[in-house]
1. At a 1.4 Å probe radius, carbon and sulfur cover how many percent of the accessible area of the chain?
2. Work out the charge dipole of the chain with +1 on the Cβ of Lys and Arg and -1 on the Cβ of Asp and Glu about the Cα centre, then indicate which of 46, 92, 71 is farthest towards its positive end.
3. In whole percent, what relative contact order does the chain give with Cα contacts below 8 Å and a gap of six or more residues?
4. Out of all Cα-Cα pairs in the range 176-299, roughly what percent, to the nearest whole number, are more than 22 Å apart?
5. For the ranges 137-150, 221-234, what's the packing order if you count other beta-carbon atoms within 10 Å of each residue, average per peptide, and put the highest first?
6. In the range 126-214, what chymotrypsin sites (Phe, Trp or Tyr not before Pro) fall in a loop by DSSP, with at most 16 other Cβ atoms inside 10 Å?
7. What order do you get for 77-89, 29-41 when each peptide is scored by the mean count of other beta carbon atoms within 10 Å, highest first?
8. Can you sort 69, 109 by 1.4 Å-probe accessible area, starting with the largest?
Amino acid sequence: MALVAQQIVNGIVVGSTYALFALGFTLIFGVLHVLNLAHGAVFMWGAFTGLFAVTALGLPLPAAFAVAMLAAGLLSVLVDAVAFRPLRCRGSPEFAAIISSLGVAQILMSAAQIASNTQVQRFPFGTFPIVFYQVFGLRVSLQQIVIVGSVAVLVAALLAFLFATSFGRQIRAVAISERTASLLGVNPGAVHALTFFLCGALAGAAGVIIGIAFNSVHFLMGEPYLLRGFVVIVLGGLGSVAGAVVGGLLFGMIQTLSVAFLSSALSDAILFGLLFVILLLRPSGFFGTLRREIRVVRQ
């Protein structure tokens with residue numbers, strides 16, 4: 001039982017990082033109703049920015065964390081301006097936007113590959129203190145506590161912004177019906193830019209957290225998280241913030257337990273098999289609504 005409890009704790013930590021990555025992914029879908037396949041590249045550049053802030057600028061980790069969030073947020077706004085906004089203005093189909101974002105992602109990854117000379121970059125030793133605690137017989141590191149705490153703070157801040165501020169209400173209004181929101185005085189263009197900034201900032205935060213947790217930053221680090229993030233938001237429900245959090249935690253715990261007690265080779269098979277079963281039983285995910293329902297509301 002102690003081993004199971006230890007793996008559940010580890011799974012919560014891993015799942016928290018998945019949830020943080022998936023939050024931005026699902027928020028963009030909830031507002032624009034399109035998958036942003038450049039989200040993993042923004043996540044990767046957030047990690048590189050945090051590393052640069054620590055190594056080249058000599059900033060302390062909290063300041064580097066803030067710089068990475070700001071830079072990733074601005075990069076995400078740029079991705080919107082290049083890959084999404086021109087297509088929205090032309091009324092292009094959503095599939096065109098997906099392909100466009102995929103092209104931008106390849107450009108960003110190629111730029112990171114050239115900048116890093118295809119080498120894995122690492123944070124300097126001592127960037128984060130290595131401290132362990134014994135809590136009810138479980139071995140918990142300070143890093144794990146900070147990861148879970150940081151994710152909880154960011155999720156709470158996002159929810160407070162979405163449900164307790166004027167800008168948040170505008171985002172939710174555009175997500176339901178962009179045309180109706182514009183008739184009520186909401187500027188959809190500003191909402192789109194703000195949404196992309198928030199999503200990029202969350203991706204940048206996730207990039208720094210994961211880069212420090214594994215002490216590894218490289219140009220391909222966003223690809224596996226993009227796939228896992230997609231699974232998480234499908235499990236939780238496309239466009240659902242609560243679903244992204246629950247799906248991320250569930251994904252992390254199942255992955256950790258399957259690796260610990262079965263086999264790492266079976267981990268992906270179990271996770272995607274679970275996705276298949278859940279979609280058969282509930283196609284919209286845990287907290288999502290079917291797309292056809294969204295179309296009716298928007299009309």
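1. Values: 9950 of 14080 Å².
Carbon with sulfur: 71 percent of the solvent-accessible area.
2. 92
3. On the way: 464 pairs, mean separation 109.2, N = 299.
Normalised by residue count, the contact order of the chain is 37 percent.
4. Details: 3784 of 7626 pairs.
The proportion of pairs with Cα distances above 22 Å equals 50 percent.
5. Working: 137-150: 15.4, 221-234: 21.8.
Averaged packing, sorted descending, gives the order 221-234, 137-150.
6. Values: sites: 132, 133, 136, 161, 163, 167, 196, 197, 214; in loops: 136.
Qualifying residues, ordered by number: 136.
7. Details: 77-89: 18.2, 29-41: 24.8.
Result, highest mean first: 29-41, 77-89.
8. Numbers: 69 40, 109 15 Å².
Result, largest first: 69, 109.
The values are calculated or read from the model by the stated rules, or taken from the named source; none is laboratory data. On a predicted model such as this, the values are computed, not experimentally measured, just so you know. No Cβ is skipped: glycine too gets one built from the backbone with ideal geometry, and neighbour counts run over all protein chains shown. In case anyone asks, the SASA skips ligands and DNA or RNA and just uses the protein heavy atoms, side chains included. Shrake-Rupley method; radii C 1.70, N 1.55, O 1.52, S 1.80 Å.
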